[in-house]
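Every number in this text was worked out from the coordinates using simple rules, so none of it is lab data. Note that this is a predicted model, so its numbers are computed, not measured. Cβ: placed from backbone, ideal geometry, glycine included. Neighbour counts: every protein chain shown.
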Amino acid sequence: MLDFAQNTLDGIMVGASYALLGLGFTLTFGVMRRLNLSYGPTIMMGVYAGAYVSLNVYGSLLLALAIAVAVSVIVGLVIEGVCFRAVQSDNPLASMVSAFAMWMVLEEIIILLTWGRLFPVQNPSGLSTFDIGPISVRGDYFALFVAAVVLMVGIYWLLFHTAFGRKVRAVGENRKSAQLVGIDVNRVSREIFVLTSAFGGFVAFFIAASLHQITPGFGLWATVKGLIVMILGGIGSVPGAVLGGLLLGIIELQAVWYIGASYRDLIAFALLFLFLVVRPRGLLGQGERSS
Amino acid sequence: MTDYGISVLSLICMESFVALSTYLLLITGQVSFGQQAYFGIGAYVGSSLTALAGFDLTFAILAGALVAGVVAAGVGALTFRLGGLYFAIATLAFAELIRLVWVNINYQVEVDGFMVGPKGSEGFRDIRYLLDNDISSNQYLWIIVLWLALVIAFFIVLERSRLGLAIRMVENDETAAASVGISPTRHKIMAAAMAGAIAAIGGVLFAHFMTFIDPRNFGVMLGVHSLAYAMIGGMGTFIGPLIGVGIDIGLLESLRIFSGYRMIVFGSLVAAILIFRPRGLLDEKTVHRISMRVRQALGNNRKSTRAVTDDPG
């Protein structure tokens, strides 16, 4: 029972970061009606840049985070331009394949620059494990959790209490009508890429810090986690992404404890496949909407 | 031919199986990121049959294709109703699921004093069929080409058959297809089974070529590449994906200036082609125009010969 509670707590803390990756996917999809598979590699570029600066130039967590966010945003805008704005095909899958092609490019750039070796990411210092009663809390997980919650509150506020959020939701509801009432859809698309890349880069840096390292496989990892969370929660649903992230985190950590670490990803993919077959609209999805 | 040339050609041919498999689904209107799953099933089933049970290579290929075809039909039946985006994600999930099954599979049998068999993430070593049967890499290339020719012959027949027309009609307009008595679901499942089997043939051949496979061979990048092959080569005819494979491996691999930058060059190429030619170099319109022109040329010839023979003077 204690193990179960401990796993659940760890799962919630890890799951909060998954939730943000899922939010990145779901928000982009809501506005673009296209899937940005390059999301993981985009924020990976940010983490590498931040880690590089904090290792070689000036060791400061804040500076590293700022660099990570800035580089993620720049790469995100490039992806938006090349894979979404320029690909004017009515087939939504053209952008998807294009994003995949850019993913290859980004991953290869990283491999060329780092020789494919793993790259250390400094853990925010002074975060040691502390105990609450019989349960122990890992300091870096706790930092990850706090960062994720702060970001989620910020995103919620942006989406539901600002003019920008209203536009995003209007475009998500119906792209054509949004255009008719005078919303600059292209501009909203660009802004949503800036937003998702920025918080993606931020949370990715904390994830990498809790792992103490980053490898070129991080892009795939982040994309897959975000995709699973988005499907679990229901495409386009913001609360669904949060719920899906927590669920995935808890299930993964329970699976690691009770079945074995090598089954962690197997369970995650099985869950994704099962959800797609049994309940494609996810936990809180609106049902199939035509794109 | 040099050994290097033989291995590059073999690789081109083996990748072609996966590319054609993805293409077959594309012309039914389904984008699959997961045909590497069936490539992997073929590789593991086929090499288990030859290395562990001592079966013949031809039998292993047929059995691998059968198993993958049945699995693909099952997966298709479960996922085709999802459509578009959800289907693409489902294929990706399934392929990764299968890859992780290889990572967790551990089964060895003693063959001639060696322990042979899949060993989790370390892979499946000692698939010694070619060595044991004295098949040189040159001969093996011919075996690969023969199988590829069979698959290509299948595509040629398919594109001229009623079934091929039905499949393309399902892509264009499911409702219209259904209204003239073509069942979209049945045709899609049939296409999925055939696509799975084609990928598996390539997988069995690949495993025996490498003599050693590991789960990383069947990662998502293989599926993405095969999709990119069809996308850049063109979706109008089966020659499209073959051109795609040729461009990637043949051109970029043999032009050594690109070594190390291969992914960057290839990725940018794909991104650029998707911007300027969203349906690839050889799209349906181009194919139609070329075939019209060829037919016209042939027609003119026939007419002029007839004119000559008909001329009484």
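Plainly put, the stretch B:3-282 has a radius of gyration that is 0.97 times its Kirkwood radius, both from alpha-carbon atoms, as the Rg/Rh ratio. Computed from the Cβ-Cβ distance with R0 of 51 Å, the FRET efficiency linking residue A:161 to residue B:139 stands at 0.10. Helices in chain B that qualify as membrane-span-like (whole DSSP H runs, Cα extent of at least 27 Å along the helix axis, mean Kyte-Doolittle hydropathy of 1.6 or higher) are B:57-79, B:137-160. Note on residue B:161 and residue A:142: their simple-model spin labels are 6.7 nm apart, each label 7 Å out from Cα toward Cβ.
Within a Cβ distance under 11 Å of residue A:216, other residues only, what is the Lys/Arg minus Asp/Glu net charge? Charge balance near residue A:216 sits at -1. Projected label points at residue B:149 and residue A:70, each 7 Å from Cα along the beta carbon direction, are separated by 6.1 nanometres.
Looking at chain A, the pairs of alpha carbons with a distance over 29 Å make up 32% of the total. The sum of -39500 (n - 2.57) across all DSSP H runs of n ≥ 4, divided by the residue count of the protein assembly as shown, sets its helix-only mean residue ellipticity at 222 nm to -24000 deg cm²/dmol. Bridging of residue A:176 to lysines at a Cα separation below 29 Å is possible for A:167, once same-chain residues fewer than 8 apart are set aside.
What lysines does residue B:188 reach when the alpha-carbon gap must be under 26 Å and sequence neighbours fewer than 8 apart in one chain are set aside? Within reach: B:285.
For the pair residue B:59 and residue A:130, a Förster radius of 45 Å applied to the C-beta separation gives a FRET efficiency near 0.10, rounded to the nearest 0.05. Over the protein assembly as shown, with a single point scatterer placed on each C-alpha, what log10 of the ratio I(q)/I(0) does the Debye formula yield at q = 0.06, 0.09, 0.13 1/Å? Cα-only, vacuum Debye calculation for the protein assembly as shown: -0.34, -0.75, -1.46. Charged neighbours of residue A:158, selected by a Cβ distance under 13 Å, balance to +2 (K, R count +1; D, E count -1).
Listed by number, the DSSP H helices of chain A that run 18 Å or longer by alpha-carbon position along their axis and have mean Kyte hydropathy of at least -0.5 are A:2-32, A:39-56, A:61-79, A:92-114, A:139-161, A:185-211, A:218-233, A:238-258, A:264-278. Positive end of the dipole of chain A (Cβ unit charges, origin at the Cα centre): among A:128, A:15, A:174, the Cα lying farthest that way belongs to A:174. Counting charges near residue B:188 (Lys, Arg +1; Asp, Glu -1) among other residues having Cβ under 11 Å from its Cβ returns a value of 0.
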